[in-house]
Amino acid sequence: MKWMLAATGLAISAGGVAVAATAPLPEFQQGRAGSILGTPAQIEADRHALRIYNSKEVQAAIEELTAWYEKDSLAQMPDARKTLRRAAKAMAMAQSFGAVAADPDRAQALWGTTGPHSWGDVVLPVEGIMIDNPDNIYRTIPIDGAAQYVIEGRVIHTAPVQETFVLHNEKSGADPNQKIKSQEDENGSVTLGTIPVAYDGTFTITVDNSPANGRTNHLQSDPNVHDAYILVRDTIPDWSRQNPVQLNVKRVGGPPVKPPASDAELAAKAAKMTLGVGRYFVTWIKQRSLNGPANGFPQQFDRASGWGFIKCGWYQLEPDEALVITLDRRNAAYLGFQLSDAWGQGQDSEFMGNLGSLSGHQARANADGTYTYVISGKDPGVYNWLDTSGMRMGTYCVRWQALPAGVKGAGADKLTKVVKLSGLDQVLPAETVRVTAEQRAAQIAQRRKDYSRRLQY
């Protein structure tokens, strides 16, 4: 019995609960302790999060969320059941990490919401929320609005094309009565491009409840909100050379520091958040991505602080069909297209290791500067292929970031058309880059090599 469970990625805990086994991940997902992301604090937090994830409370929440998903109408969509349980587990892992990381008295910038990866014997499954972007390094800094913090950063060239520090006062799904929003309210933000950065790449950001008074590197917190957080996005379209910024957080003043939460408290919180956030985002995806016809973009929204916009939709295709989409980049420094499954999970191994996403750097532009993509379950032999991993139905988002002033998203989707794979030549631009089987293998091998560098550098 133990061998059979281990063969499927499970093991038996001392309490008789089936938990994630620590089977080695593919080489491209193995990180290096001491890398930019593999800090001692990160590895310890990941180890702790795995312990919370494997608790009986969180494992029970996975079972409850899985049962809830199975009863939801979304489970009736083509192939949705294939990844239903994995989606519940990804949500639970994300919330287990979130519970561990949410300690404003010992604030650190910690990386969560990621694809599977490992630091030696610390083997992490996918941590997913909703159509997360593999071109982003998502880090959170917990904030007590009544305390004072200094964020120290250092750019390790080549820098991200954009790095945003956005202050949020609430977490989606934390309150079961919370209204569904396109995005969480932004209660302040700064970007790497607008703050003072020294010649050696260092910078500081201050966080407290005092007004900015002209300081471009200051975030004003609300002294009445004690569980706020800063979401840091390092946007890295070129995995082969761009790096996340090194970050260190110091709490420099505030109310008396409380003892850290116990594992029992963290497990209870993670279990509650697994159910709350999981249910919230199923409703979100039905209202914000599936609220129009398939194979288009029924939803668009601008980032509240003006740093970009996003378009979301869903595909439904037969095995012999493809969805062709052409986009106008709008001179954005960053353009990225990400596929996910029916539940909004898109950073598992097949999406990361294969072509489940393409940044503007990874894709090839048309002669007029637009980008044409082919979404299908079978390889169409074109460079800009987005691989559905054989799923007949799934979701997607396109993100435009770091745009020229005044640029909006209306009309940025130039073409969305379902065609037979045999009829692609009739709709693709003449200059479309084609690939042989050998060239496709090389493209995927390069993608994996570049992803590995992000974890190793």
Filter result (of a type in the set (Val, Ile, Thr) and crowded, with 23+ Cβ neighbours inside 10 Å) within region 325-349: 325
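Condition check ((1) modelled with pLDDT of 95 or more; (2) touching a Leu at 6+ places or on another chain (Cβ under 8 Å); (3) surrounded by 11 or more Cβ atoms within 10 Å (Cβ to Cβ); (4) not assigned by TED's automatic domain parsing to the domain that holds residue 351) across all residues:
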residue	(1), (2), (3), (4)
406	no, no, no, no
409	no, no, yes, no
420	yes, no, yes, no
429	yes, no, yes, no
433	yes, no, yes, no
438	yes, no, no, no
441	yes, no, yes, no
444	yes, yes, yes, no
448	yes, no, yes, no
Run residue 286 past the list (1) farther than 28 Å from residue 378 by Cα; (2) among the basic types (Lys, Arg); (3) surrounded by fewer than 17 Cβ atoms within 10 Å (Cβ to Cβ) and report the number of the one that doesn't hold. (1)
Which of the residues spanning region 293-327 are in a loop (DSSP other than H, G, I, E, B) and under 30 Å from residue 187 (Cα atoms)? 297, 298, 303, 304, 305, 306, 307
Condition test on residue 276, is it more than 30 Å from residue 457 (Cα to Cα) and surrounded by fewer than 22 Cβ atoms within 10 Å (Cβ to Cβ)? yes
Is there a residue in region 131-147 that is out of contact with any helix residue (DSSP H, G or I) (no Cβ under 7 Å at 6 or more places or on another chain), over 28 Å from residue 33 (Cβ atoms), surrounded by fewer than 23 Cβ atoms within 10 Å (Cβ to Cβ) and of a type outside the set (Asp, Glu)? yes
Filtering region 329-350 down to residues that are polar (S, T, N, Q) and part of a strand (DSSP E or B), which residue is farthest from residue 413 (Cα to Cα)? 340
Would you check if there is a residue in region 185-204 being assigned to a loop (DSSP other than H, G, I, E, B) and within 19 Å of residue 103 (Cβ to Cβ)? no
Would you mind stating whether residue 221 is surrounded by 14 or more Cβ atoms within 10 Å (Cβ to Cβ), over 24 Å from residue 171 (Cα atoms) and not assigned by TED's automatic domain parsing to the domain that holds residue 359? no
Checklist (1) modelled with pLDDT of 95 or more; (2) buried (at least 24 other Cβ atoms within 10 Å of the Cβ) applied to residue 67, failing item: (2)
Filter pass, residue 362 being at pLDDT below 95 and part of a loop (DSSP other than H, G, I, E, B): no
Name the one entry in 228, 198 that is free of Cβ contacts under 8 Å to residues at least 12 places away in the same chain and not β-branched (Val, Ile, Thr). 198
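The values are calculated or read from the model by the stated rules, or taken from the named source; none is laboratory data. Just so it is clear, the model here is predicted, and its values are computed rather than measured. So basically every Cβ, Gly included, is an ideal-geometry build from the backbone, and we count neighbours across all protein chains shown.
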